[in-house]
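I have placed the structure first, in the form of structure tokens, so that the comments after it can refer back to it.
The values are calculated or read from the model by the stated rules, or taken from the named source; none is laboratory data. Please read these numbers as outputs of a predicted model, since none were measured by experiment. Cβ: placed from backbone, ideal geometry, glycine included. Neighbour counts: every protein chain shown.
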Ligand code: NDP
């Protein structure tokens, strides 16, 4: 098996196996080839990870923050040096084209480690003058944090959680999605090589039951999950019953609003990126594309012409820009929505079915799909599909499109295309979404906080905002006079 790791888990700075844990395979979605076989964590493995994290965290939090920052930046350098091999691994595990993984996965993870490495030594409390006496605050770590990842950006998600957690002096136990278990182990190796003490970053494999045990564990102070809304609700329930800190990065059905006056080619590019990048498996995708009536015909024409140029094929070939879906379950789900859209009466502009790629008869490829004349009430316009299925909806007025864009339980992303600067900011100000773009879509630099409104999440990743979610403030009142009492 071409991507078999030394063992399933990484605990206390070393690979660890749990032969008794239930076995599962990592599969290359382009061919169906089993690339690795791992075991989920049994209870003893989970306890070993907790014990290692407890020890590691004490050492790590006691290190000067400048040193912690230096170690994280070194890990960033290691990821960059290994970018090609990490990208190939990510392509094998997810099926995403190498053209993407070379720039969006380990590379984003490295940026994140560097950013939070740089921030580590700047994290301070404040002095509060009380007129003679004073108070000060300390920003302290939470302790053991659990990170739980989705399968679409495995190493990126691991870094987006680990980097701020470690910068603040916490330890982390990370559970990747069972579908994409491999790259988090490589991150653990890189952190060890960079100088992170044993136990500070641990990887524990398994399905949702392992995640739930970690979330419920009394030694865990904080949980951060990237996943679907139903999983987020379950985790919030478990974390709430023991009052743990919580970050949830969940799903979406985000609006991308194109006004008549926008730049057509840029708008088409954004719609393509917002629906077909990573074969549509991106949480913040702008899957409801609202197009103002005067732009509609030209937009659909150019969109169909340009979508026909997508190159499907061997994901390891850098010329390919559309890969297979990640798993058979996701493939069946997406094909189901492609059929549903037609049954619901949406007009199929292109795609709509499984794609045949000659060298990859077992590949989980589907055609990039555009539905026009979509109505707000259709399920394809309301439910997260997580595949390359774009819904184009018509609108006439600004007021109307804002109301319709907000008529969803989700609130992860939103985009507006217009040349009218006042309208752009006026509309963004009324959209219920945590991450918004004007005249572009889906760019997520590490400096910019990322997260959702409404059912799309709680808390923020990235930017200075993430620090608040991985640390706690201790207030200290210092009396400079004597202390009196009533009796
Ligand atoms: P899931 O919600 O199915 O799973 C997410 C993770 O949670 C997996 O590691 C899963 O384990 C684990 N898990 C499942 N049940 C539980 C439980 N009861 N307790 C603890 N952990 C549990 O999401 P997917 O992996 O299918 O990813 C797709 C979803 O992720 C989409 O909805 C997408 O929108 C969202 N997403 C959100 C992002 C954001 O930042 N907002 C970014 C990327 C994706 P396992 O799967 O191994 O069983």
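Matching residues to (1) under 29 Å from residue 311 (Cα atoms); (2) at pLDDT below 95; (3) out of contact with any helix residue (DSSP H, G or I) (no Cβ under 6 Å at 6 or more places or on another chain):
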{"site": "378", "(1), (2), (3)": "no, no, yes"}
{"site": "408", "(1), (2), (3)": "no, no, yes"}
{"site": "413", "(1), (2), (3)": "yes, no, yes"}
{"site": "425", "(1), (2), (3)": "no, no, yes"}
{"site": "430", "(1), (2), (3)": "no, no, no"}
{"site": "434", "(1), (2), (3)": "no, no, yes"}
Next item on the list: State all residues of segment 311-320 that are surrounded by fewer than 19 Cβ atoms within 10 Å (Cβ to Cβ) and in contact with a helix residue (DSSP H, G or I) (Cβ under 8 Å, 6 or more places away or on another chain); if no residue qualifies, say none.
Entry: 316, 317, 318, 319
Next item on the list: Taking only segment 358-382 into account, find how many residues are surrounded by 18 or more Cβ atoms within 10 Å (Cβ to Cβ) and under 14 Å from residue 312 (Cα atoms).
Entry: 8
Checklist line | Which listed residue is buried (at least 23 other Cβ atoms within 10 Å of the Cβ), over 30 Å from residue 139 (Cα atoms) and in contact with a helix residue (DSSP H, G or I) (Cβ under 6 Å, 6 or more places away or on another chain), from 8, 18 | finding: 18
Notebook entry, point to check: Conditions: (1) without any contact (Cβ under 8 Å) to a residue 40 or more places away in the chain; (2) closer than 30 Å to residue 396 by Cα; (3) within 16 Å of the ligand (Cβ to nearest atom). Residue 274 meets all but one. Number of the miss?
Noted result: (1)
Notebook entry, point to check: Being under 21 Å from residue 100 (Cα atoms), more than 10 Å from the ligand (Cβ to nearest atom), within 18 Å of the chain's Cα centre (by Cα) and at pLDDT 95 or above, is that true of even one residue in segment 251-268?
Noted result: no
Next item on the list: Tally the residues that are within 8 Å of the ligand (Cβ to nearest atom) and part of a loop (DSSP other than H, G, I, E, B), restricting the search to segment 139-176.
Entry: 6
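So if I check each of 123, 119, which one is away from the ligand (no atom under 14 Å from the Cβ) and part of a loop (DSSP other than H, G, I, E, B)? I'd like the intermediate steps shown before the answer.
Details: 119 fails: part of a loop (DSSP other than H, G, I, E, B).
Being away from the ligand (no atom under 14 Å from the Cβ) and part of a loop (DSSP other than H, G, I, E, B) holds for just one of 123, 119, which is 123.
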Notebook entry, point to check: From the set of residues in segment 416-473 that are in contact with a strand residue (DSSP E or B) (Cβ under 7 Å, 6 or more places away or on another chain), under 30 Å from residue 135 (Cβ atoms) and not in a loop (DSSP other than H, G, I, E, B), which is farthest from the ligand (Cβ to nearest atom)?
Noted result: 473
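Can you pull out every residue in segment 13-50 that is within 19 Å of residue 158 (Cβ to Cβ), in a loop (DSSP other than H, G, I, E, B) and touching a strand residue (DSSP E or B) at 6+ places or on another chain (Cβ under 7 Å)? Explain how you work it out, then say what you get.
Residues of segment 13-50 that are within 19 Å of residue 158 (Cβ to Cβ), as a first pass: 13-16, 24, 26, 35-36, 38, 40-41, 45-46, 49-50.
Filter once more, so that each one left must be in a loop (DSSP other than H, G, I, E, B): 13, 40-41.
Of everything in segment 13-50, those that are within 19 Å of residue 158 (Cβ to Cβ), in a loop (DSSP other than H, G, I, E, B) and touching a strand residue (DSSP E or B) at 6+ places or on another chain (Cβ under 7 Å) turn out to be 40, 41.
Results for (1) near the ligand (Cβ under 9 Å from one of its atoms); (2) surrounded by 22 or more Cβ atoms within 10 Å (Cβ to Cβ); (3) in a helix (DSSP H, G or I), shown as yes or no for each residue.
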residue	(1), (2), (3)
199	no, yes, no
205	yes, yes, no
218	no, no, no
224	no, yes, no
231	yes, no, yes
234	yes, no, yes
240	no, no, yes
243	no, no, no
